[in-house]
Amino acid sequence: MNDGLPTWGALGAAQFLTRIPIRLRAAPDLAKAVPWFPVIGALIGATIGGVAAGLMELTPPAVAATVAVLLGNIVTGAFHEDGLADTADAMGGWTPERRREILKDSRHGSYGVAAMCGTIVLRIACIAALAPAAAFAALIAAHTLGRGAAVGVMGFAHQVSTDGLGADSTRSLTRSRAVIGMAGALAIAALVTGWWVGPFAIAALVSTIVVAAVARRAFGGVSGDILGAVEQVAECVILVVATGLASRHSLWW
């Protein structure tokens, strides 16, 4: 229960996005927590990237990448993967009403499992194709910009009238706070990757527009599960772009 005491936005975001046992004296203020999502994403990306880069010195790249991605799922509780799977399953409905009904079902069907497994395999392949330093930087950028993309959709896309954590956070977010979150995501990614942030930002923007447009047509708007799909698609696309950049250019540092 909220006892009126202020809750730090960063800690609220960490409690919301991860399975790290964080105890707060008051319920998180989602309006204040959402702009911190990219910062928490950067910390998650740094953790996964650090593990991947370190293990690449000891094990084959594919092994290091697999351990890193699985660790990420443990830290986040596969929070965004679950949203992607629910969204993929719901796309099998014939009408927007039926799709929204399927979206509320917590069980995963064949479409959802295929989508979730596909993103895991793609991320492992991309990380394994990168050198340790590039993998570290790319994972920070992907997790940061992926969550920044979700924040942007929360602030600017049309929302489906549903209940749940995602819906609550969307309703409580102002556009000015969404802009702050997106700007923070770009700043962090630029600090880590230099000019690579340009292609990464374009990739995230295009993928986000596509997912939001599909959601508007298929469901009538976005919901919490679709925000998870936005993050996952952006993260995967950024890692794919990173493999292309790393094959031709070096990081600024």
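The values are calculated or read from the model by the stated rules, or taken from the named source; none is laboratory data. Because the structure is a prediction, the values reported are computed rather than measured. Virtual Cβ from ideal backbone geometry, glycine too; neighbours counted across all protein chains shown. SASA here: full protein model, heavy atoms, side chains in, ligands and nucleic acids out. Shrake-Rupley method; radii C 1.70, N 1.55, O 1.52, S 1.80 Å.
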Residues located in the range 53-87, provided they are open to solvent by less than 40 Å² (accessible area, probe 1.4 Å), more than 21 Å from Gly148 (Cα to Cα) and of a type in the set (A, V, I, L, M, F, W, C): Ala53, Met56, Ala64, Ala65, Ala68
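Sort out which residues of the range 158-175 are open to solvent by less than 30 Å² (accessible area, probe 1.4 Å) and modelled with pLDDT of 65 or more, and write them in order of number. Step through it out loud before you land on a result.
Taking the range 158-175 and keeping what is open to solvent by less than 30 Å² (accessible area, probe 1.4 Å), we get 160, 162, 166-167, 169-170, 173.
Within the range 158-175, Val160, Leu173 meet the criteria.
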message: Looking at Asp89 and the list (1) without any contact (Cβ under 8 Å) to a residue 40 or more places away in the chain; (2) closer than 30 Å to Phe136 by Cβ, which single condition is not satisfied?
response: (2)
task: Would you mind telling me which numbered condition in (1) modelled with pLDDT of 95 or more; (2) within 14 Å of Val151 (Cα to Cα); (3) in contact with a helix residue (DSSP H, G or I) (Cβ under 6 Å, 6 or more places away or on another chain) Gly224 fails?
output: (1)
- request: Have a look at Val214, Val197, Val210, Val206 and point out the one that is under 17 Å from Val39 (Cα atoms), open to solvent by 20 Å² or more (accessible area, probe 1.4 Å) and in a helix (DSSP H, G or I).
  value: Val197
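Which ones in the range 176-194 are closer than 24 Å to Gly221 by Cβ, open to solvent by 30 Å² or more (accessible area, probe 1.4 Å) and not hydroxyl-bearing (Ser, Thr, Tyr)? First the steps, then the outcome.
Within the range 176-194, the first condition is being closer than 24 Å to Gly221 by Cβ, and the residues that meet it are 176-182, 185.
In the following step, the residues that additionally are open to solvent by 30 Å² or more (accessible area, probe 1.4 Å) were identified as 176-177, 179-180, 182.
Scanning the range 176-194 gives Arg177, Val179, Ile180, Met182.
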statement: In the range 102-156, anything open to solvent by less than 40 Å² (accessible area, probe 1.4 Å) and among the polar types (S, T, N, Q) is listed as Thr119, Thr144
